[in-house]
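One structure below.
The values are calculated or read from the model by the stated rules, or taken from the named source; none is laboratory data. The shown structure was predicted, so the numbers you read here are calculated from the model rather than taken from an experiment. Cβ placement follows ideal geometry from the backbone for every residue including glycine, while neighbour counts extend to all protein chains displayed. These area figures cover heavy atoms from the full protein model, side chains too; ligands, DNA and RNA do not enter into them. Shrake-Rupley method; radii C 1.70, N 1.55, O 1.52, S 1.80 Å.
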Amino acid sequence: MSLLQWTHDLNTGIDWIDAQHQQIVYYINDLHDARQSRETGKIGEVMENLIQYTATHFSEEEKMMERAGYPLTEVHKGVHKRFVEKVSHMNARHKVGVDTSEELLNLLESWLFSHIRVNDNGYVSSVKGAGADQR
């Protein structure tokens, strides 16, 4: 059973960004399912995939904002950096045997949709206006 559901109001209107956000939701739901079934090895695998994919997404999104000359790019990068640091710390604790999956799910559940609705939607008009929304 899925933890998070994608809803239309989460779409930024930038297709490749929306697809990446939906993939992150998929990984979050996969982590939730692994936790529910108590698959420790699967939890670690999904955490690694989620972290790696999110880092790639952030990098591509930041390049897009830079191409657009979005004035809050550095602030947005800082938000990404702090998030990656938190998640990486949880992953490091997981690797030494601490079950951080619930903590991570709570963080992801509260952070992702808020970040998309506020931070990411903040750059959409600048990015589209500059024609920087294409990959």
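What are the extents of the Cα atoms of segment 38-81 along their three principal axes, in Å, largest first?
44, 15, 10
Stick to the Cα atoms of segment 16-60, pair each with every other, and give me the Kirkwood hydrodynamic radius in Å at one decimal.
Hydrodynamic radius (Kirkwood, Cα only) of segment 16-60 equals 10.7 Å.
Output the Cα-based Rg and Dmax of the chain in Å, rounding Rg to one decimal and Dmax to a whole number.
15.3, 48
With a 1.4 Å probe and all protein chains kept in place, how much accessible area does HIS89 have, in Å² rounded to the nearest 10?
Near enough 110 Å² of accessible area.
Taking the Cβ-Cβ separation of THR40 and GLU85 as r and a Förster radius of 30 Å, what is the calculated FRET efficiency to the nearest 0.05?
Plugging the Cβ-Cβ distance into 1/(1 + (r/R0)^6) gives 0.80.
Using alpha carbons only, how many degrees (0 to 90, rounded to 10) separate the axis of helix 73-95 from the longest principal axis of the chain?
For helix 73-95, the angle is close to 10 degrees.
Run down the lysines and flag those whose C-alpha is under 28 Å from the C-alpha of LYS63, throwing out any fewer than 8 positions away in its chain.
Those lysines meeting the cut-off are LYS77, LYS81, LYS86, LYS128.
Once you list every other residue whose beta carbon is under 12 Å from the beta carbon of ALA55, what net charge do they have if Lys and Arg are +1 and Asp and Glu are -1?
Spelling it out: positives minus negatives among the neighbours equals -4.
Under a 1.4 angstrom probe, counting protein chains only, how are ARG135, ARG35 ranked by accessible area, largest first?
Numbers: ARG135 175, ARG35 60 Å².
So the residues, ranked largest to smallest area, are ARG135, ARG35.
Alpha carbons only, please: Rg and Dmax for segment 56-135, in angstrom.
Reported Rg and Dmax, both Å: 14.9, 48.
When we measure straight from the Cα of LYS95, which aspartates and glutamates land under 12 angstrom away, once same-chain ones fewer than 8 places off are left out?
The qualifying aspartates and glutamates are GLU45, GLU48.
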